[in-house]
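Asks: Structure below; questions to follow.
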């Protein structure tokens with residue numbers, strides 16, 4: 001019997017339950033609208049939900065309003081969600097009758113003899129639950145996009161169609177989220193990166209997930225790299241460079257072949273020896289450490305590299321700069337004694353917050369990720385590592401959450417997620433304690449009493465992947481980067497061709513003063529040049545005409561300001577440097 005929607009219990013469901021239940025509502029709407037649909041999976045995710053379908057026809061964005069309308073009908077009917085427990089045999093019979101081959105595959109892997117399904121009206125799905133009481137509790141939802149997705153993430157399996165959506169308990173929350181999505185679209189680094197001439201990806205010639213830094217983007221990257229090198233050298237790190245490929249035996253020793261092989265590019269054979277493109281920099285840094293005998297007096301040793309690595313990411317998850325196959329890490333490894341570990345980690349936490357602040361990030365969440373199911377090393381070693389990280393977090397006074405099982409296979413880690421201008425969190429910085437690789441590679445130091453003991457190894461990246469971090473920067477600032485990071489800080493615009501010579505003189509003087517300047521001496525009208533400079537997010541737009549030429553001056557205005565100021569070149573340079581010093 002269908003209850004009146006007006007008599008629904010006013011209890012507010014938690015978002016995860018609401019989202020998962022709404023994915024079932026969406027699936028039932030799709031099944032009603034598109035006969036022959038086969039069900040994949042439909043979990044709740046951060047900020048929403050999705051469901052994967054095998055549908056005889058290709059869906060388009062025009063289909064989403066029709067599906068939404070059908071969902072509202074199902075909501076208004078207020079069907080009760082029923083939890084039903086079946087024997088495995090009966091579940092197989094039920095989904096065989098419905099010809100749900102993907103569900104049958106999942107059931108075959110369930111070790112229990114009992115199977116849980118959920119039903120509303122005539123829609124049935126394999127699910128552990130829980131769910132909301134009835135469909136009428138899900139009112140404020142929106143379908144967002146359609147994407148392709150291989151069944152169970154394996155490209156050898158059938159390709160399904162994935163519909164993404166979101167849902168909230170109130171209309172205001174939904175409206176706020178949709179506004180945030182609109183703002184995110186405006187800030188999309190893929191769009192801005194191409195408009196601003198920062199980067200591109202040439203899939204046809206080089207493949208997916210491999211980034212080309214165009215001249216302006218290369219300047220931004222160089223500024224970041226130069227800052228990182230100088231910062232590390234000033235803080236006791238030694239700079240190293242390591243090769244991009246290594247023999248497969250190295251990755252056997254490190255454990256990557258056993259625990260990470262599906263993400264590695266292999267198949268390179270040289271003179272009968274198998275080589276692998278490096279997915280990590282750590283084994284190379286270990287070999288540098290082992291290049292000579294180390295004493296306790298030498299420790300801690302801090303090795304730093306802007307190391308480019310390559311990891312096989314499935315094409316379905318690649319996303320501009322945020323998820324790529326080739327990227328450069330600001331990677332460092334600290335080799336220390338047990339007595340030095342707490343101090344090193346504490347110092348790293350202070351260091352990472354200092355570096356993030358330099359780029360304008362002062363809000364972040366901190367997560368301590370513990371031992372995963374697939375890992376190497378003894379439990380007591382993991383306990384020591386996790387304890388060291390907790391002590392450092394508490395010493396520095398950082399609040400943190402625990403991600404059970406989220407650590408690397410060789411050790412636990414601290415992850416910092418930075419908060420951007422529109423409230424999104426991005427994973428960038430990481431600190432990992434590793435007692436295990438020291439044993440696998442036999443990395444030791446000589447103690448004060450002449451014994452050889454295993455060194456402790458700390459893996460850390462402050463910004464993480466430079467590609468990802470620069471993508472975050474572009475979106476955080478909506479392309480209008482801070483003055484010190486801009487590839488073009490000043491645009492010189494001559495009023496007409498008569499003043500090109502003076503404009504070139506101005507540009508030369510600015511460049512001599514260390515200012516990154518460009519001239520637009522095209523035939524376009526001045527107003528067009530100004531609009532173009534604004535669209536390029538140039539910080540200072542300078543106009544030169546007859547008065548400016550006679551007075552050796554500039555007419556200057558800042559990005560997104562309407563008024564201009566006429567000043568001499570010398571005064572402008574002095575003010576510019578004062579502003580740079582503030583950033």
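Asks: Take segment 306-347 and flag every residue that is over 30 Å from residue 262 (Cβ atoms) and either touching a strand residue (DSSP E or B) at 6+ places or on another chain (Cβ under 8 Å) or in contact (Cβ under 8 Å) with a residue 24 or more places away in the chain (or both).
Replies: Selection gives 336, 337, 338, 340, 341, 342, 344, 345, 346.
Asks: Considering only residues that are within 35 Å of the chain's Cα centre (by Cα) and more than 20 Å from residue 55 (Cβ to Cβ), which ones fall in segment 92-107?
Replies: Once the filter is applied, which keeps residues that are within 35 Å of the chain's Cα centre (by Cα) and more than 20 Å from residue 55 (Cβ to Cβ), segment 92-107 yields only 107.
Asks: Now for a separate question. Among the listed residues 556, 538, identify the single one that is touching a strand residue (DSSP E or B) at 6+ places or on another chain (Cβ under 7 Å) and either part of a strand (DSSP E or B) or surrounded by fewer than 18 Cβ atoms within 10 Å (Cβ to Cβ) (or both).
Replies: Sole residue among the options that is touching a strand residue (DSSP E or B) at 6+ places or on another chain (Cβ under 7 Å) and either part of a strand (DSSP E or B) or surrounded by fewer than 18 Cβ atoms within 10 Å (Cβ to Cβ) (or both): 556.
Asks: If you don't mind, there's one more thing I want to ask. Name the residue, out of 254, 248, that is more than 28 Å from residue 336 (Cβ to Cβ) and either surrounded by 15 or more Cβ atoms within 10 Å (Cβ to Cβ) or touching a strand residue (DSSP E or B) at 6+ places or on another chain (Cβ under 8 Å) (or both).
Replies: Just a single option satisfies the conditions, and that option is 248.
Asks: Here is a list: 514, 545. Which entry is assigned by TED's automatic domain parsing to the domain that holds residue 574 and within 23 Å of residue 581 (Cβ to Cβ)?
Replies: Result: 514 is the single residue among 514, 545 that is assigned by TED's automatic domain parsing to the domain that holds residue 574 and within 23 Å of residue 581 (Cβ to Cβ).
Asks: To continue, here is another question. Residue 447 is checked against (1) surrounded by 13 or more Cβ atoms within 10 Å (Cβ to Cβ); (2) in contact (Cβ under 8 Å) with a residue 24 or more places away in the chain; (3) under 25 Å from residue 298 (Cβ atoms) and fails just one. What number does that condition carry?
Replies: (1)
Asks: What do you reckon, is residue 262 under 30 Å from residue 458 (Cβ atoms) and either in contact with a helix residue (DSSP H, G or I) (Cβ under 6 Å, 6 or more places away or on another chain) or not assigned by TED's automatic domain parsing to the domain that holds residue 313 (or both)?
Replies: Working: under 30 Å from residue 458 (Cβ atoms): yes; either in contact with a helix residue (DSSP H, G or I) (Cβ under 6 Å, 6 or more places away or on another chain) or not assigned by TED's automatic domain parsing to the domain that holds residue 313 (or both): yes.
In short, yes.
Asks: Then there is this: Residues being free of Cβ contacts under 8 Å to residues at least 40 places away in the same chain and closer than 20 Å to residue 27 by Cα: count how many of those fall in segment 93-105.
Replies: 7
Asks: Select from segment 281-313 the residues that are part of a loop (DSSP other than H, G, I, E, B), closer than 27 Å to residue 467 by Cβ and out of contact with any helix residue (DSSP H, G or I) (no Cβ under 7 Å at 6 or more places or on another chain) and list them in ascending order.
Replies: Those that are part of a loop (DSSP other than H, G, I, E, B), closer than 27 Å to residue 467 by Cβ and out of contact with any helix residue (DSSP H, G or I) (no Cβ under 7 Å at 6 or more places or on another chain): 281, 313.
Asks: Hey, could you check segment 225-234 for residues that are surrounded by 13 or more Cβ atoms within 10 Å (Cβ to Cβ) and in contact with a strand residue (DSSP E or B) (Cβ under 8 Å, 6 or more places away or on another chain) and say which is nearest to residue 301 (Cα to Cα)? Please lay out each step first, then the result.
Replies: If we filter segment 225-234 for residues that are surrounded by 13 or more Cβ atoms within 10 Å (Cβ to Cβ), which is where we start, we get 225, 227-229, 231-232.
Remaining after also requiring in contact with a strand residue (DSSP E or B) (Cβ under 8 Å, 6 or more places away or on another chain): 225, 228-229, 232.
Working: 225: 21, 228: 18, 229: 16, 232: 12 Å.
The qualifying residue nearest to residue 301 (Cα to Cα) is 232.
The values are calculated or read from the model by the stated rules, or taken from the named source; none is laboratory data. Note that the coordinates shown come from a computational prediction; the quantities given were computed from them, not determined experimentally. Here Cβ is always computed from backbone atoms with ideal geometry, including for glycine, and neighbour counts include all displayed protein chains.
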